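The values are calculated or read from the model by the stated rules, or taken from the named source; none is laboratory data. In this text the structure is predicted, and so the values were computed from the model without any measurement. Ideal geometry is used to build each Cβ from the backbone, glycine not excepted, and the neighbour counts take in all protein chains shown. These area figures cover heavy atoms from the full protein model, side chains too; ligands, DNA and RNA do not enter into them. Shrake-Rupley method; radii C 1.70, N 1.55, O 1.52, S 1.80 Å.
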Amino acid sequence: ALAAAGGKIWVGGKFDAIAQPDGTPVARRNLAAVSEATGVVDPSVDPRIGAEGGAGVRALLASETKVYVGGFFTVIDGKERRFLAALDLSGNLDPVWRPKTDAPVQSLAYSCDKATVFAGGKFRNAAGSTDSVYSPRMKVARFDATTGSLHPWAIAEGTFESQDEVAADLAVTCERISVGFLGPNWARSFRL
């Protein structure tokens, strides 16, 4: 996953190091930031995403002040974050934005006004904070971009023939969200 923010290119995936332009490896766990001009690894951005070997970043979404992270992890820097998190542009974990899902997140996108963040994946439930009770959200959930609270919008139950579908990519307009699903390889569009 890639995103541009704060003069940096943010790189997410499943790795334990990223190379400097001269090939020297720099230890990083699943997320790094490099200078957009030189490719030099930013020494201050070093969040520890997930446990060694079993986690990774699948989606990144950047604003002028935050980088939202989605993937298959349950901990960042020793703090519980179930498949979603936000970092400031220095790589520090946002203590306020703490939504969660019950399965990995594969995709992230803004609403047209950037007031909410959509997350897509294979999950069936989502919540607005790590302390909240889950609510049904089939494959796509919508969260407040500042607080992380769960938005009431949801895809209607019974929409999916297979529970194995994964919301792998999202495209959002002011009136609709279009979702590319892995599994049966469907593209569906939903009214907002």
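Yes/no per residue for (1) over 25 Å from Ser63 (Cα atoms); (2) among the small types (Gly, Ala, Ser); (3) touching a residue at least 12 places away in the same chain (Cβ under 8 Å); (4) in contact with a Ser or Thr (Cβ under 8 Å, 6 or more places away or on another chain):
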{"residue": "Pro104", "(1), (2), (3), (4)": "no, no, yes, no"}
{"residue": "Phe118", "(1), (2), (3), (4)": "no, no, yes, yes"}
{"residue": "Gly128", "(1), (2), (3), (4)": "no, yes, yes, yes"}
{"residue": "Lys139", "(1), (2), (3), (4)": "no, no, yes, no"}
{"residue": "Asp144", "(1), (2), (3), (4)": "no, no, yes, yes"}
{"residue": "Leu150", "(1), (2), (3), (4)": "no, no, yes, yes"}
{"residue": "Glu157", "(1), (2), (3), (4)": "yes, no, yes, no"}
(request) Would you confirm whether any residue within the stretch 119-141 is assigned to a loop (DSSP other than H, G, I, E, B), among the aliphatic types (A, V, I, L, M) and under 21 Å from Pro99 (Cα atoms)? (result) yes
(request) Identify the residue in the stretch 118-149 that is of a type in the set (A, V, I, L, M) and in contact with an Asp or Glu (Cβ under 8 Å, 6 or more places away or on another chain) and, among all such residues, is surrounded by the most Cβ atoms within 10 Å (Cβ to Cβ). (result) Ala126
(request) Hey, can you tell me all the residues within the stretch 172-186 that are over 21 Å from Ala115 (Cβ atoms) and either assigned to a loop (DSSP other than H, G, I, E, B) or open to solvent by 90 Å² or more (accessible area, probe 1.4 Å) (or both)? (result) Gly183, Pro184, Asn185, Trp186
(request) Pull up the stretch 38-59, narrow it to residues that are closer than 16 Å to Leu2 by Cβ and open to solvent by 20 Å² or more (accessible area, probe 1.4 Å), then point me to the one that is nearest to the chain's Cα centre (by Cα). (result) Arg58
(request) Select from the stretch 150-171 the residues that are under 17 Å from Val105 (Cα atoms) and either exposed (fewer than 12 other Cβ atoms within 10 Å of the Cβ) or of a type in the set (A, V, I, L, M) (or both) and list them in ascending order. (result) Leu150, Ala154, Ile155, Gln163, Asp164, Val166, Ala167, Ala168, Leu170, Ala171
(request) Go through the stretch 16-25 residue by residue and tally those that are surrounded by fewer than 17 Cβ atoms within 10 Å (Cβ to Cβ), in contact (Cβ under 8 Å) with a residue 12 or more places away in the chain and under 20 Å from Gly71 (Cβ atoms). (result) 1
